Amino acid sequence: MNRIVNIAAYKFAPLTDLRPLRERLLTLCRGWELKGTILLSPEGINLFIAGAADRVELLVAELRSLPGLADLTPKYSETDHQPFARMLVRLKKEIIAFGVPGIDPAKRTSPKLPAAELKRWLDEGRPVTLLDTRNDYEVRLGTFRHALPIGVNHFRDFPAAVRKLPETLKDQPIVMFCTGGIRCEKAGPFMEGEGFRQIYQLDGGILKYFEECGGAHWDGECFVFDQRVGVDPGLHETDSVVCFGCQSPLNEAEQKDPRYVPGRTCPYCFKTPAEQAAEALARR
């Protein structure tokens, strides 16, 4: 069976004429039998696409021909099945929703730390705070050992969470990370504006770190936004699933919990009969 190539990529660059571009990309991707999602906005592009290797490369070449996207650098992995159900190209105000005006990663971002350099810092035991900028449900599947989760359910909650961090962190080196790097492009400059003086962002995010460094200093797996749910440090699909009831990702151990009922509940949304009755009473 032919392997399916999965790519994830983003680029902050001014884009114009988005509606005709959307129609062109949608037509091309459908013709090439690609599936996934492409987000287009005036600030750039964000995409997760899967399909046959040669067709994926046709799309990459097409995107690199667009002004500002010549150095678009996808991260690659493979699966034995198509992880997306359909092909979507959407127009957005932001390619990653943040809601803070004045932050433009196309003009300035925090310093990027290569994956191999971060591994060297951790191997040496260098004092550094690893800040996980992802949502709590992503962090549950896996994160860097001793990392500090920012503690949010949505990236739009990031600014408020940053303002609750200890003042002592403002003078300490912080390496922030997320799945592919895109959230850190906005999170870094925001934190600098809040007075944090030594901010770095993991270049290429967790997926690039897995690609170059494997699972060194990592515990668990990495949540991904497609039907694979999670990938291990070898970038192979794991056995994690998503709860039908609350959409929480569940690893193998959580699937053995008696509160996990496929198609209904999991440990994070299960309620006892007494809790259900109390909620029903409260709604009256």
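Just so you know, all these numbers are worked out from the coordinates, no wet-lab data involved. These numbers were taken from a predicted model, which means no experiment stands behind them. Heads up, the Cβs are rebuilt from the backbone with ideal geometry, glycines too, and the neighbour counts pull from every protein chain shown.
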Set of lysines with alpha-carbon distance to residue 35 below 17 Å, sequence-local pairs under 8 removed: 75
Radius 12 Å from Cβ of residue 120, net charge of other residues (Lys, Arg +1; Asp, Glu -1): -2
Net charge contributed by nearby residues that have their C-beta within less than 12 Å of residue 239 (K/R +1, D/E -1): -3
Whole-Å semi-axes of the range 112-223's equivalent ellipsoid (Cα gyration tensor): 20, 16, 12
Hits among aspartates and glutamates - C-alpha to C-alpha of residue 186 under 18 Å, sequence gap 8 or more where chains match: 43, 94, 104, 132, 157, 194, 203
Reachable aspartates and glutamates from residue 256, criterion Cα separation under 20 angstrom, eight or more residues apart if same chain: 138, 219, 221, 232, 237, 239
Viscosity 0.692 mPa s, 37 °C: Kirkwood-radius Stokes-Einstein D of the chain over Cα pairs, µm²/s: 161 µm²/s
Sorted peptide list for 117-128, 73-84, criterion being average Cβ within 10 angstrom, highest first: 73-84, 117-128
Protection proxy ranking, peptides 61-67, 103-109, 162-168, average beta carbon neighbours within 10 Å, highest first: 103-109, 61-67, 162-168
Under-5 Å amide H pairs with residue 78, H placed in peptide plane, nonlocal only: 6
